[in-house]
1. Could you tell me whether any residue of segment 293-308 is in contact with a Leu (Cβ under 6 Å, 6 or more places away or on another chain), assigned to a helix (DSSP H, G or I), surrounded by 22 or more Cβ atoms within 10 Å (Cβ to Cβ) and in contact (Cβ under 8 Å) with a residue 24 or more places away in the chain?
2. Go through (1) at pLDDT 85 or above; (2) closer than 30 Å to N110 by Cβ for A72 and report which single condition fails.
3. Take segment 209-252 and flag every residue that is among the hydroxyl-bearing types (S, T, Y) and under 22 Å from H270 (Cα atoms).
4. Determine, yes or no, whether A53 is out of contact with any Phe, Trp or Tyr (no Cβ under 7 Å at 6 or more places or on another chain) and either modelled with pLDDT under 90 or assigned by TED's automatic domain parsing to the domain that holds V31 (or both).
5. Of the residues that sit in segment 383-397 and are within 18 Å of P360 (Cβ to Cβ) and in contact with a helix residue (DSSP H, G or I) (Cβ under 7 Å, 6 or more places away or on another chain), which one is surrounded by the most Cβ atoms within 10 Å (Cβ to Cβ)?
Amino acid sequence: MTSFTVPEVLQARPEVARGAAACMAECGQQVQQQARDTHDTRLDGWEGDAAAAAQHRVDALTNRLGNLGAAAECCGHAGAAFATTLQIARTTISAAVAAARAVGIEVAANGSLCGSLARFLPLVRKSIEGPIRAALTLLAQVDAASAAVVHTVGDVEAPAAGTAQPWTPPSFGPQTRIEQTPDGPVVYSGDLERADQIITIVNGVHSSEPGAAERTAAWAQRLVDHAAANGQTIAVAGWHAYSAPGNLATAALPIAAEEAAPRLREFQNHLRAVNPTAQLHVTGYSYGSVVVGTAAQSPGAPLGADRVTFLGSPGVRAGHRNQLHTQATDGRTEVRSIHVPGDLIGLTTWPDDGAHGRDPSAPTFGAEDTAPRGASWGSYLWHRLRDTHIVAEGDRDTHSSYPYDPEVEEALLQPGR
């Protein structure tokens with residue numbers, strides 16, 4: 001906790017701090033209003049997959065912008081509370097110092113009284129030194145509380161400027177194809193044998209329905225194109241080779257994940273054989289994260305993965321990342337968990353339990369990155385509160401936005417260790 005001295009408080013300008021805090025709070029309110037106005041703008045007259053993708057992309061960006069504005073407003077209010085306390089402390093200490101000097105006593109930087117006269121006037125000493133010490137202590141406590149608020153709500157990602165590629169419906173190149181297998185289709189994009197990283201995407205509910213593989217192919221092609229624009233060589237495999245739940249009722253059951261788990265392990269072993277030096281990055285989206293988590297439950301049959309990313313997870317059975325049984329080329333798998341702002345899936349899982357197990361974004365799970373919720377309990381609870389606010393404002397389809405969210409793209413393409 002920061003300590004303050006008498007000279008620092010007397011020289012402080014609380015009116016400047018109050019003005020800056022008010023400006024930040026007002027800016028935060030304006031950003032939130034702009035986010036709401038943009039979010040309420042519908043792309044009328046444009047229909048189809050491309051229109052839905054573009055709308056999801058806009059919603060994802062405006063939700064993050066709204067979170068940024070809310071964080072700025074809260075930081076402004078915290079700053080205003082500190083400025084008010086600083087004004088009170090400054091007034092109190094100024095009066096006490098003036099009273100001390102009136103009777104020939106000086107006040108030290110820490111608030112204690114100096115000089116021989118102070119020792120012979122205990123009542124005067126108590127009446128002057130007490131308020132000064134109390135004011136310094138209160139100021140330090142409010143400063144610590146304000147800093148905690150800023151640290152908690154300030155752990156928010158602003159929409160990345162100029163990093164994400166504009167979304168356009170991709171035209172499939174010769175290296176993007178859909179192969180039919182006895183268990184379901186598998187999408188391939190990029191050169192598996194030459195890629196530095198192979199991302200396996202396991203989708204969730206409705207991913208066995210007609211058109212699902214084509215949507216994954218578009219996602220895969222977009223990731224490959226984005227990586228190439230950044231000088232990366234990747235390949236993407238959209239693994240649909242399991243019978244995915246067709247509705248929320250069956251999605252509440254682990255049956256599909258248990259049946260799919262051994263086949264996913266076999267598929268990852270196949271990729272390792274095709275390209276032994278590539279970084280294998282297994283990404284489970286929605287119920288797909290349940291499949292990935294289940295595939296990593298067997299100590300005797302580990303999942304081949306150098307990286308594991310959970311997107312919008314309804315929970316995993318492992319209580320901690322160390323309980324995931326994986327096989328990485330360097331012996332340690334990197335684990336990440338991402339929830340986009342406003343994702344309703346957060347209502348199905350909590351740090352201690354959930355529909356399919358614990359929330360991998362919770363601080364206790366131990367993932368290296370839990371964007372955007374952060375590693376602290378304060379940040380985690382703040383973002384869950386913001387999720388509820390976004391849902392209450394009417395956005396109930398953010399769970400579908402992951403394939404189109406530029407921040408998710410950046411996270412998936414970020415190089416591992």
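1. Checked against the condition, which is being in contact with a Leu (Cβ under 6 Å, 6 or more places away or on another chain), assigned to a helix (DSSP H, G or I), surrounded by 22 or more Cβ atoms within 10 Å (Cβ to Cβ) and in contact (Cβ under 8 Å) with a residue 24 or more places away in the chain, segment 293-308 yields at least one hit.
2. (2)
3. T216, T233, Y242, S243
4. Considered against the rule, which asks whether it is out of contact with any Phe, Trp or Tyr (no Cβ under 7 Å at 6 or more places or on another chain) and either modelled with pLDDT under 90 or assigned by TED's automatic domain parsing to the domain that holds V31 (or both), A53 comes out as no.
5. Per the criteria, the residue is D387.
The values are calculated or read from the model by the stated rules, or taken from the named source; none is laboratory data. The shown structure was predicted, so the numbers you read here are calculated from the model rather than taken from an experiment. Quick reminder, even Gly has a Cβ in these numbers, built from the backbone with ideal geometry, and neighbours come from all protein chains shown.
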